[in-house]
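Where a number appears in this text, it was derived from the coordinates with a stated rule and is not lab data. Everything quoted here is computed from the prediction, not taken from an experiment. Ideal geometry is used to build each Cβ from the backbone, glycine not excepted, and the neighbour counts take in all protein chains shown.
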């Protein structure tokens with residue numbers, strides 16, 4: 001009886017272990033490779049943004065907190081883009097069609113994206129907004145579901161912008 005329970009426990013642990021992505025986006029660890037496909041069909045990779053501070057923000061058109069944080073993020077991006085700051089806002093699959101977001105796309109200083117390829121990213125616990133912040137060296141510095149308040153966003157990102165880009 002005891003050995004059967006141990007076998008079941010080991011089987012359950014094996015299933016759980018297999019469900020955890022090997023390259024999950026984990027705070028303090030190197031960011032897993034990704035490719036963002038923007039509405040303009042541009043492909044942006046982790047390697048192409050190395051040396052910049054990057055926010056990957058999952059959002060939905062029906063999400064009130066998402067819509068509330070976007071203007072603040074846009075103002076911050078306009079002010080700090082020259083310092084090497086980028087935001088990619090990835091729309092959720094249940095948002096309105098991309099064709100209906102033209103006006104919003106034209107008003108924002110950051111790129112709207114239709115998808116992100118790469119393991120380890122996505123909404124956290126299915127929640128939007130979900131954001132990942134990657135520093136200049138390509139390390140995940142923040143990964144959390146929930147909208148940013150301006151003070152929290154500035155307190156997180158401004159110190160990262162002060163860090164020098166990695167050598168070489």
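Across the range 23-162, how large is the tail of the calculated P(r) beyond 21 Å, expressed as a percent of all Cα pairs? Could the numbers behind the result be given before it?
Working: 3375 of 9730 pairs.
Result for the distance tail: 35 percent.
At a Förster radius of 22 Å, what calculated FRET efficiency corresponds to the Cβ-Cβ distance of residue 114 and residue 80, to the nearest 0.05?
The calculated FRET efficiency here is 0.35.
Hey, what does the equivalent ellipsoid look like for the range 30-104, semi-axes from the Cα gyration tensor as sqrt of 5 times each eigenvalue, largest first, whole Å?
21, 16, 12
Just for the range 23-162, what percent of DSSP beta bridges are antiparallel, to the closest 5?
Roughly 65 percent of the beta bridges in the range 23-162 run antiparallel, per DSSP.
Fewest Cβ neighbours within 10 Å first, please rank 158, 56, 108 accordingly.
Final ranking by Cβ density, sparse to dense: 158, 108, 56.
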